[in-house]
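J.: Sharing a structure here in structure tokens format.
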Amino acid sequence: MTEALVRIDGVSKSFGSFQAVKNVSLEIEKGEIFSLLGGSGCGKTTLLRMLAGFEAPTQGRIFIDGVDMAAVPPWERPVHMMFQSYALFPHMTVEKNIGYGLKHEAMSHSDRAARVREMLDLVQLTQFATRKPHQISGGQRQRVALARALARQPKLLLLDEPLAALDKKLREHTQFELMSIQERTGVTFIVVTHDQEEAMTLSDRIAVMDQGVVRQVGRPGAVYEFPNSKFVANFLGSINAFEAKVVAIGAQITVDVPALGQTVQARAVGGLSVGQSVTMALRPEKITIHRTPVEGANVLAGEIKDLAYFGKDSLYRVALPSGALVSVHAVNAARASDDERLADWYDKVWLSFDPASVLLLTD
């Protein structure tokens with residue numbers, strides 16, 4: 001961990017009787033991209049607005065670079081907020097939009113012009129400097145808004161759903177542009193998003209929020225592979241989840257899963273006891289489909305009930321004799337025609353998975 005730029009200490013925010021943010025404490029490091037991830041109404045934008053100074057906490061304190069922000073108005077904070085709508089001035093050119101926030105800075109005209117040129121180069125829009133927002137693409141408008149935000153050299157940049165207005169391909173491309181620009185400038189980014197893939201791609205760390213509470217904080221891989229609750233496991237990606245009971249604890253943990261009609265072996269974890277109720281969870285991509293019977297502890301026999309072809313991968317829903325459905329993602333690594341696919345509707349198949357892939361969740 002490097003030095004924290006932002007420290008959120010026990011912050012809550014209420015609007016009348018409704019508590020939008022509940023006792024949130026976070027530390028955000030200098031130079032990282034930190035995402036607040038959650039569904040609508042989870043409190044992530046309210047938390048962002050408190051960082052910007054547009055809302056005051058009902059309780060708790062916010063520190064930026066060691067300074068308590070309680071008495072610091074928005075315009076004096078070392079923070080810039082980039083809105084989802086980009087909020088560009090339609091009558092101004094790209095370079096004038098970028099330079100607008102510098103008008104009140106103590107800078108000479110030549111220094112201001114040099115800063116604008118630097119920002120144009122940073123976001124690769126120099127050739128579009130004299131165009132107006134309606135004359136450039138959505139992705140380019142997003143970069144204009146980013147350049148304008150960075151022109152004042154804030155210590156902290158707040159981005160509220162920054163890629164929501166872009167189509168899928170452009171959004172994917174722009175994610176990597178944002179990461180590159182952040183790396184070159186060293187500015188700390190806090191991103192609010194409801195898009196799990198976006199948060200996983202962009203972030204050094206993620207805070208998953210639910211109903212005003214931070215449910216888990218960690219690096220994307222850690223939060224995805226080791227969720228600490230059923231909510232986090234379900235929110236990040238797809239997952240198969242079944243009620244289970246611990247029946248044996250040794251080198252591995254054995255759980256009885258009634259919906260699967262058998263026991264399942266899982267990697268040993270602490271804190272569980274025989275007879276304890278848990279949720280057995282398994283990511284669809286951790287399961288392998290076989291056309292012929294296989295040996296092993298975690299093997300399920302079933303029949304393909306549904307399938308969806310996505311090009312790069314396929315989703316299979318396998319019906320077990322118990323009636324339970326198991327979702328399986330398989331990468332289409334080999335080029336194949338429809339009649340050469342891994343499995344088809346109503347095919348008899350066998351599923352296998354490693355004990356290390358099984359999650360046992362108690363919350």
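The values are calculated or read from the model by the stated rules, or taken from the named source; none is laboratory data. Predicted model, so just to flag it, every value in this text is computed and none were measured. Every residue, glycine among them, receives a Cβ derived from its backbone with ideal geometry; neighbour counts consider all protein chains shown.
J.: Residue under question is residue 218, and the condition is that it be crowded, with 17+ Cβ neighbours inside 10 Å and touching a strand residue (DSSP E or B) at 6+ places or on another chain (Cβ under 7 Å); does it hold?
T.: Criteria met by residue 218.
J.: Considering each of 316, 309 in turn, give the residue that is touching a Leu at 6+ places or on another chain (Cβ under 6 Å), within 15 Å of residue 343 (Cα to Cα) and among the hydroxyl-bearing types (Ser, Thr, Tyr).
T.: Among 316, 309, only 316 is touching a Leu at 6+ places or on another chain (Cβ under 6 Å), within 15 Å of residue 343 (Cα to Cα) and among the hydroxyl-bearing types (Ser, Thr, Tyr).
J.: How many residues are more than 24 Å from the chain's Cα centre (by Cα) and assigned to a helix (DSSP H, G or I) if we restrict to region 40-84?
T.: Total satisfying the criteria: 3.
J.: Take residue 229 and tell me if it is buried (at least 16 other Cβ atoms within 10 Å of the Cβ) and of a type in the set (Ser, Thr, Tyr).
T.: In short, yes.
J.: Show the residue pairs that are 6+ apart or on different chains and have beta-carbon atoms under 9 Å apart, the first residue being within region 324-345 and more than 12 Å from residue 314 (Cα to Cα) and in the same structural domain as residue 304 (by TED's automatic domain parsing), the second being modelled with pLDDT of 85 or more and of a type in the set (Gly, Ala, Ser).
T.: Listed pairs, sorted by first residue: 324/259; 324/261; 324/302; 325/302; 325/319; 326/302; 326/319.
J.: One residue is enough: does region 256-264 have a residue meeting the conditions surrounded by 15 or more Cβ atoms within 10 Å (Cβ to Cβ), farther than 21 Å from residue 352 by Cβ, of a type in the set (A, V, I, L, M, F, W, C) and assigned by TED's automatic domain parsing to the domain that holds residue 323?
T.: no
J.: I've got another one for you. Could you count how many residues in region 282-307 are under 26 Å from residue 236 (Cα atoms), touching a residue at least 40 places away in the same chain (Cβ under 8 Å) and of a type outside the set (Val, Ile, Thr)?
T.: 8
J.: Among the residues in region 339-361, are any assigned to a strand (DSSP E or B), exposed (fewer than 12 other Cβ atoms within 10 Å of the Cβ) and out of contact with any helix residue (DSSP H, G or I) (no Cβ under 8 Å at 6 or more places or on another chain)?
T.: No, the conditions are met nowhere in region 339-361.
J.: Here's something else I'd like to know. Quick check on my filter: what residues within region 16-31 are touching a helix residue (DSSP H, G or I) at 6+ places or on another chain (Cβ under 9 Å) and at pLDDT 95 or above?
T.: Hits for region 16-31 are 20, 21, 24, 26.
J.: Let me ask another. Mind listing whichever residues of region 76-134 are of a type in the set (S, T, N, Q) and in contact with a Lys or Arg (Cβ under 9 Å, 6 or more places away or on another chain)?
T.: 93, 97, 124, 126
J.: Still on this model: Any idea which residue in region 270-284 is nearest to residue 249 (Cα to Cα), counting only those that are surrounded by 13 or more Cβ atoms within 10 Å (Cβ to Cβ) and β-branched (Val, Ile, Thr)?
T.: The extreme case among them is 278.
J.: Give 102, 37, 51 a once-over and let me know the one that is at pLDDT 95 or above, more than 16 Å from residue 5 (Cα to Cα) and of a type in the set (A, V, I, L, M).
T.: 37
J.: On to the next question. Quick check on my filter: what residues within region 306-316 are part of a strand (DSSP E or B) and surrounded by fewer than 18 Cβ atoms within 10 Å (Cβ to Cβ)?
T.: Selection gives 306, 308, 309, 313, 315.
J.: Applying the selection to region 143-169, what residues are surrounded by fewer than 21 Cβ atoms within 10 Å (Cβ to Cβ) and free of Cβ contacts under 8 Å to residues at least 40 places away in the same chain?
T.: Once the filter is applied, which keeps residues that are surrounded by fewer than 21 Cβ atoms within 10 Å (Cβ to Cβ) and free of Cβ contacts under 8 Å to residues at least 40 places away in the same chain, region 143-169 yields 153, 166, 167, 168, 169.
J.: If you don't mind, there's one more thing I want to ask. Out of all the residues in region 133-142, is one or more surrounded by 19 or more Cβ atoms within 10 Å (Cβ to Cβ), in contact with a helix residue (DSSP H, G or I) (Cβ under 9 Å, 6 or more places away or on another chain) and either of a type in the set (A, V, I, L, M, F, W, C) or not assigned by TED's automatic domain parsing to the domain that holds residue 23 (or both)?
T.: No, that holds for no residue.
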